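Heads up: the structure comes next, in structure tokens.
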């Protein structure tokens, strides 16, 4: 499939594939950073099994002079570092694409040969050995790539120097030498390739950084004044911890790796009880261990941000793959009824801004808030720019020493349900928080009327919050043939699918949900009632958003576009499904 | 010095008559008063169990959390604001059973928390099932043919896990109990005070008489609590005689929180959060 080729729209997808341990991901990101230096937009994502050595890994970098928020199904350049990688990916190459490989090491069988693809053979291994070892063959291939794409070698060598600076001068030199051999070889032997060259006009800029979804979450947390994080490593959420830990001393944060997820959530609650903005992050399995603590935060009305980065389950499932199967779990975690606040950022920039919003909500409404992302969003990288000047971060629903009344009651019944809190150290604000049902003072109380009053108070906060949340927007023509409803990480791929469909003359509009709870019932009813056809797009088996829509509005969604093989959607897959639905009658 | 009367919340405990929790409650108030702690700078953290209702009766800050999760909450409190005095209180089921993992890790971190375990060798609040410290053979509704598990030895476990103040107390000797807790609170580092405190209602084996004839004080012997291996050896002694007192004390070992330079000045809980400059963060990603 050829995506439009006008210069502004042109994107190049480059893929390096090999065994775990061949440096596919780390080296691949060097290309992303090089392109960033050149002013291009990039989007990178990787697939790998849950192994440290062996298995099959690949990283795809999509490069353009317009913003790219998604990967695409077909690629332009393939760099296979082992035999298996040819077989797995050669069919994914676009017409006119190429393969950069070492014919002394990798054989292209008859069934893998393609007339519409150029095979650039480079002595990767020989060059790598010249520069210090076979591991450098990925860097030789990087040089070839930069040559073929006509990017500046200086941008590449500066990127290499920066990334390997901690490993010493020799390592830097060896890597640059290897890249140079590849670069020169490409220039001498493969000539000028307009096919793989991107025009620098368009929206090129040097103002962007390369950031992953998890780093963006951590950045948002830091901006929101998060001073305490406790968590237990679990893929794909771990790099949130790592990023927070790396910033501990820059921003006076305590990031505590705990003995388990149960400790993690309880520790964060203890810190938040003392007034520190606190968070934890995990995946579905880890959150399963946190669930009782999640209820504790709700019961004691302690602010808390919990990030769940989904991966396929149940149990260990597929640790390094992606999915959106934990929506209903997040919405229903912990015993009995209490308000669950769940928001699902749609893209990497959104991760930053929504995390700040989550912290503000958590503190104002004294409640746990779940940020629901997934491996695709967590571990994809994107060139991004963040505007922080207009962001307002402020303390909410807390009393200063002078504001504490004489007959202070921590859980005072109020009209909006919010009871301003005090923190340890404040003389007039002493109270006991309890996981038991309690009275306004916080003391255990099992009186039936008290129970109703407190349970209603907790729900009033949710009603108040619902008023504050802006409903999602329907994007696209109002007379569309089909309306797509999506949530969380599918935003970028749906947007890309819509672009492709528009070009093919199919009118589509879509609505992306960030807030799943509180749920925008009226808006949803409105949109569905005015749509010709409606389909949800979800990375899960049963259509969990469709089920929420049914629960909240009584409406059955006509169609479900679902994928649950552990991999994110490609825009092209959505295009195909939408066409089937639109042309279905 | 806060008057003990001012530490009364007005709430009244509903423990069984004669329960050791009453002794512990008045002891804790006396400790807070005698150590001249400001009540607003004290956080009493508990879990779930009869004795975990303690924070409701002491006018400080309190947190009655989940069963088994006392130490994680207490750790979060201490790491958010190390200027607070953190006293953790709970039962043996809570601390050595469901919360056993946290016990080991809090001890090895040497975080400055005083952990008091009301050890009655039975699950009281759920009416009499055997606990992690019940003797082998203990007959209960869930072990009608006698418990098969060997009991946990909390003192040995604490010493081997890295706690720097490890004591066992007997609730009937209130002064001795008070001194052990007081010194535990004063100690910089993780302090365990395992309090032998029979459940008069559900434990008909380990009764007051049973303990009284076995107990002797380490302070009345030649024992010195300054050697880890000797302390460990001593901690293995439980039959026929039960030593009480200070088994082990290690001074000068840095606490977890004191090894965090980012908590040297303003505490995480006290940091300003408005207008945080993100340039440094973005620069590290460049």
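Find the residue count for the range B:236-275, including only residues that are on the phi > 0 side of the Ramachandran plot and in contact with a strand residue (DSSP E or B) (Cβ under 6 Å, 6 or more places away or on another chain).
Residues of the range B:236-275 on the phi > 0 side of the Ramachandran plot: B:245, B:252, B:275.
After this cut, where a residue has to be in contact with a strand residue (DSSP E or B) (Cβ under 6 Å, 6 or more places away or on another chain) as well, the list is B:245.
Residues that pass the stated criteria total 1.
Considering A:455, A:480, A:497, which residue is in contact (Cβ under 8 Å) with a residue 60 or more places away in the chain, more than 14 Å from chain B (Cβ to nearest Cβ) and over 29 Å from residue A:297 (Cβ atoms)? Lay out the reasoning, then the answer.
Working: A:455 fails: over 29 Å from residue A:297 (Cβ atoms); A:480 fails: in contact (Cβ under 8 Å) with a residue 60 or more places away in the chain.
Being in contact (Cβ under 8 Å) with a residue 60 or more places away in the chain, more than 14 Å from chain B (Cβ to nearest Cβ) and over 29 Å from residue A:297 (Cβ atoms) holds for just one of A:455, A:480, A:497, which is A:497.
Checking residue A:537 against (1) in contact (Cβ under 8 Å) with a residue 24 or more places away in the chain; (2) more than 17 Å from residue A:342 (Cβ to Cβ); (3) part of a loop (DSSP other than H, G, I, E, B), which test does it fail?
Looking at each condition in turn, residue A:537 falls short on (3).
State which residue pairs qualify: first residue within 7 Å of another protein chain (Cβ to nearest Cβ) and inside the range B:273-285, second residue surrounded by 13 or more Cβ atoms within 10 Å (Cβ to Cβ) and in a helix (DSSP H, G or I) in any location, beta carbons under 6 Å apart, and separation of 6 or more residues or different chains.
Filtered contacts from the range B:273-285: B:276/A:223; B:278/A:223; B:280/A:250; B:281/A:219; B:281/A:222.
Only one residue in B:165, B:130, B:123 is without any contact (Cβ under 8 Å) to a residue 24 or more places away in the chain and either farther than 23 Å from residue A:280 by Cα or surrounded by fewer than 24 Cβ atoms within 10 Å (Cβ to Cβ) (or both), so which one is that?
Numbers: B:165 fails: without any contact (Cβ under 8 Å) to a residue 24 or more places away in the chain; B:123 fails: without any contact (Cβ under 8 Å) to a residue 24 or more places away in the chain.
When all the criteria are applied, what remains is B:130.
Any idea which of (1) in contact with a strand residue (DSSP E or B) (Cβ under 9 Å, 6 or more places away or on another chain); (2) surrounded by fewer than 24 Cβ atoms within 10 Å (Cβ to Cβ); (3) in the same structural domain as residue A:369 (by TED's automatic domain parsing) is the one residue A:291 doesn't satisfy?
With (1) in contact with a strand residue (DSSP E or B) (Cβ under 9 Å, 6 or more places away or on another chain); (2) surrounded by fewer than 24 Cβ atoms within 10 Å (Cβ to Cβ); (3) in the same structural domain as residue A:369 (by TED's automatic domain parsing) applied to residue A:291, the lone miss is (1).
Residues that are at pLDDT 95 or above, more than 14 Å from chain A (Cβ to nearest Cβ) and not in a helix (DSSP H, G or I): does the range B:253-269 have at least one?
yes
Just need a number here: residues in the range A:451-498 that are crowded, with 18+ Cβ neighbours inside 10 Å, out of contact with any helix residue (DSSP H, G or I) (no Cβ under 7 Å at 6 or more places or on another chain) and not in a helix (DSSP H, G or I).
Summing the residues that are crowded, with 18+ Cβ neighbours inside 10 Å, out of contact with any helix residue (DSSP H, G or I) (no Cβ under 7 Å at 6 or more places or on another chain) and not in a helix (DSSP H, G or I) in the range A:451-498 gives 1.
So, in the range B:20-57, how many residues would count as being assigned to a loop (DSSP other than H, G, I, E, B) and within 19 Å of residue A:443 (Cβ to Cβ)? Steps first, answer last, please.
First, the residues of the range B:20-57 that are assigned to a loop (DSSP other than H, G, I, E, B): B:35-38, B:47-50.
Narrowing further to those that are within 19 Å of residue A:443 (Cβ to Cβ): B:47-50.
Total meeting the criteria: 4.
Residue A:395 is checked against (1) out of contact with any helix residue (DSSP H, G or I) (no Cβ under 8 Å at 6 or more places or on another chain); (2) surrounded by fewer than 20 Cβ atoms within 10 Å (Cβ to Cβ) and fails just one. What number does that condition carry?
Only one criterion is unmet by residue A:395, namely (1).
Those residues that are under 24 Å from residue B:19 (Cβ atoms) and at the interface with another protein chain (Cβ under 7 Å from one of its Cβ atoms), I need them from the range B:54-72; list them, please. Let's see the steps before the verdict.
Of the residues in the range B:54-72, the ones under 24 Å from residue B:19 (Cβ atoms) are B:54-60, B:62-71.
Of everything in the range B:54-72, those that are under 24 Å from residue B:19 (Cβ atoms) and at the interface with another protein chain (Cβ under 7 Å from one of its Cβ atoms) turn out to be B:55, B:56, B:59, B:60, B:62, B:63, B:64, B:65, B:66, B:69.
Can you find a residue that is within 29 Å of the chain's Cα centre (by Cα), without any contact (Cβ under 8 Å) to a residue 60 or more places away in the chain and closer than 24 Å to residue A:187 by Cβ anywhere in the range A:102-113?
At the first step, the residues of the range A:102-113 found to be within 29 Å of the chain's Cα centre (by Cα) are none.
So far as the range A:102-113 goes, no, none of its residues is within 29 Å of the chain's Cα centre (by Cα), without any contact (Cβ under 8 Å) to a residue 60 or more places away in the chain and closer than 24 Å to residue A:187 by Cβ.
Does the range A:234-246 include one or more residues that are at the interface with chain B (Cβ under 10 Å from one of its Cβ atoms), farther than 30 Å from residue A:125 by Cβ and in contact with a helix residue (DSSP H, G or I) (Cβ under 8 Å, 6 or more places away or on another chain)?
Step one: of the range A:234-246, the residues at the interface with chain B (Cβ under 10 Å from one of its Cβ atoms) are A:243, A:246.
The next check asks that each one be farther than 30 Å from residue A:125 by Cβ; those that pass are A:243, A:246.
In the following step, the residues that additionally are in contact with a helix residue (DSSP H, G or I) (Cβ under 8 Å, 6 or more places away or on another chain) were identified as A:243, A:246.
Yes, there is a match, as at least one residue in the range A:234-246 is at the interface with chain B (Cβ under 10 Å from one of its Cβ atoms), farther than 30 Å from residue A:125 by Cβ and in contact with a helix residue (DSSP H, G or I) (Cβ under 8 Å, 6 or more places away or on another chain).
The values are calculated or read from the model by the stated rules, or taken from the named source; none is laboratory data. Since the structure is predicted, the reported quantities are computational estimates derived from the model, not experimental observations. Virtual Cβ from ideal backbone geometry, glycine too; neighbours counted across all protein chains shown.
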